[in-house]
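Here is the structure we will look at, set down as structure tokens.
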Amino acid sequence: MSAPVSSFADWSAEAYLTDYYSRIEPEELCTLRFLVEQFRKLPRNCLALEFGIGPTLHHVLPLSPYASEIHVADLLPSNLEAVRKWQERECGAHDWAEFTRRVLIYEGNLLPTESDVHAREELTRSRAVFARPPFLVMAGLVPAIPIGQARPIRSGSPGRARR
Ligand SMILES: C[S@@+](CC[C@H](N)C(=O)[O-])C[C@H]1O[C@@H](n2cnc3c(N)ncnc32)[C@H](O)[C@@H]1O
């Protein structure tokens, strides 16, 4: 008997953001510091893909100085909608300023001003390019099911990337 699979019909990007991203959790401080260190090694103006971005921006904020385009993808349209709302500065979009400030501190700007935070967020907004889920599924780049579900991968199955 196979395990039940959620359709994510009840998924709330807003509830996820409120639960996990109203403050910076200690493990996220480590992740942000790590990303700042690793992204320094990237060539300037590279192309980047954040696959499974969820409704979040915190891992894109330290990437934007290095990437000329950041393609963001997620299975759930409501997650991408939350990202789009932030990118377009819509009312009700999540506030990532605390995360942005922390990224700037890890980059060496120990007293980031509001203007510094604003500048980084504007840079990030200008870099993000959306990859809608149907595009990725139709291109055979991702299976139309969430990552993590147990499934056999066979040669020629619809979920495999085409060459
Ligand atoms: C663990 S969450 C991470 C979300 C976010 N990056 C964060 O740090 O909070 C994994 C994300 O991958 C997305 N995802 C799962 N399977 C996917 C697939 N096949 N194609 C695209 N996105 C997928 C989910 O919708 C979810 O938002």
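Here, each number is a calculation from the coordinates, and none is a lab measurement. None of these values were measured; they are calculated from a predicted model. With ideal geometry, Cβ positions are generated from the backbone for all residues, glycine too; neighbour counts draw on all protein chains shown.
A few notes on this one:
- In order along segment 14-27, the Karplus-derived 3J(HN,Hα) couplings, from 6.51 cos²θ - 1.76 cosθ + 1.60 at θ = phi - 60°, round to 5, 5, 4, 5, 5, 5, 10, 10, 7, 8, 8, 6, x, 5 Hz, and Gly and Pro are given as x.
- Sequence-separation-based contact order of segment 21-138, relative, with Cα cut under 8 Å and 6+ spacing, percent: 30 percent
- Counting neighbouring Cβ atoms within 10 Å and putting the fewest first, the residues Tyr20, Tyr106 line up as Tyr20, Tyr106.
- Here segment 21-138 has an Rg and Dmax of 13.8, 46 Å, counting Cα atoms alone.
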